[in-house]
Amino acid sequence: MEPDPVLRARSLCRTYGTGDAAVRALADVDLDVRAGEFIVLLGASGSGKSTLLNILGGLDRPTSGEVVFQDHRLTDATEEALTRYRREHVGFVFQFYNLIPSLTVAENVALVTDIAADPMPVDEALALVALSPRRDHFPSQLSGGEQQRVAIARAIAKRPQLLLCDEPTGALDYATGKLVLEVIADINRNLGTTAVVITHNAAISAMADRVVKLADGRIASIEVPARRLTPAELSW
Ligand SMILES: Nc1ncnc2c1ncn2[C@@H]1O[C@H](COP(=O)(O)OP(=O)(O)OP(=O)(O)O)[C@@H](O)[C@H]1O
């Protein structure tokens, strides 16, 4: 039996602007995200990937349609409830790491654990991304890949159900990007965190449970790779 969906999106539409300037970013998107799965979201630039991820993560609302997280309709939620949803249940990782330069690695992660309901200890989160020895360093003393691993530690330290990653390897070289993907795959496998990862790199799709392709704001296809590869087995 398939696991229950942790997120259900139905008939999602998102239009930016109005009148002649209106841009339809999403049109009639239906998607179930199942507990514990690893989804890769592919599609050309402008196909609606970030718009969909932002709506799933409660950073944005659809123009019409609905999103349900477990039993909660996010589309009806107040701003306070959406903020609580993001704070308690969603970890975000973006292309640029958004670390606070004046805080150490451990302090950057503690920013999140200080306000979370049931966080893991900061040092446990740093161990999961293999950065324990760098806990007292500042972001400027780290490589891009290391900074991204701090961002991942910060995202997972609150034990979110969902880890939403928008081009997490977009600013990284090949080898470093692979290391970062390995960390995300390990977290998905070992902690059971449901992961949705946007990428431009189709080779990454072989590490997914399902690959969702967007084109012009619609789901063009959903594929299940024959065998889920580890990032170490991927090449591009
Ligand atoms: N704030 C906005 N105002 C107006 N149009 C927007 C806005 N955000 C996105 N769009 C438009 O919506 C469409 C979908 O954008 P989106 O960022 O979701 O695509 P994407 O697939 O993530 O692209 P990329 O791979 O380039 O990041 C694009 O045509 C984009 O120009």
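The values are calculated or read from the model by the stated rules, or taken from the named source; none is laboratory data. In this text the structure is predicted, and so the values were computed from the model without any measurement. Cβ coordinates were reconstructed from backbone atoms using ideal geometry, including for glycine residues, and neighbour counts include every protein chain displayed. Surface areas here come from the heavy atoms of the whole protein model, side chains and all, with no ligands, DNA or RNA. Shrake-Rupley method; radii C 1.70, N 1.55, O 1.52, S 1.80 Å.
Within region 158-171, the only residue that satisfies the criterion of being of a type outside the set (Lys, Arg), open to solvent by 30 Å² or more (accessible area, probe 1.4 Å) and more than 16 Å from the ligand (Cβ to nearest atom) is 161. Inclusion of residue 146 among residues that are farther than 24 Å from residue 33 by Cα, acidic (Asp, Glu) and either away from the ligand (no atom under 16 Å from the Cβ) or open to solvent by less than 40 Å² (accessible area, probe 1.4 Å) (or both) is warranted.
Could you check, for region 182-196, whether at least one of its residues is crowded, with 21+ Cβ neighbours inside 10 Å and within 16 Å of the ligand (Cβ to nearest atom)? Yes, the conditions are met somewhere in region 182-196.
Residue by residue, here is whether (1) modelled with pLDDT under 95; (2) touching an Asp or Glu at 6+ places or on another chain (Cβ under 9 Å); (3) part of a helix (DSSP H, G or I); (4) buried (at least 18 other Cβ atoms within 10 Å of the Cβ) holds:
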{"position": "47", "(1), (2), (3), (4)": "no, yes, no, yes"}
{"position": "51", "(1), (2), (3), (4)": "no, yes, yes, yes"}
{"position": "55", "(1), (2), (3), (4)": "no, no, yes, yes"}
{"position": "58", "(1), (2), (3), (4)": "no, no, no, yes"}
{"position": "66", "(1), (2), (3), (4)": "no, yes, no, no"}
{"position": "84", "(1), (2), (3), (4)": "yes, no, yes, no"}
{"position": "87", "(1), (2), (3), (4)": "yes, no, yes, no"}
{"position": "101", "(1), (2), (3), (4)": "no, no, no, no"}
{"position": "106", "(1), (2), (3), (4)": "no, yes, yes, yes"}
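Picking from residues in region 204-226 that are part of a helix (DSSP H, G or I) and within 16 Å of the ligand (Cβ to nearest atom), the one that is modelled with the lowest pLDDT is 204.
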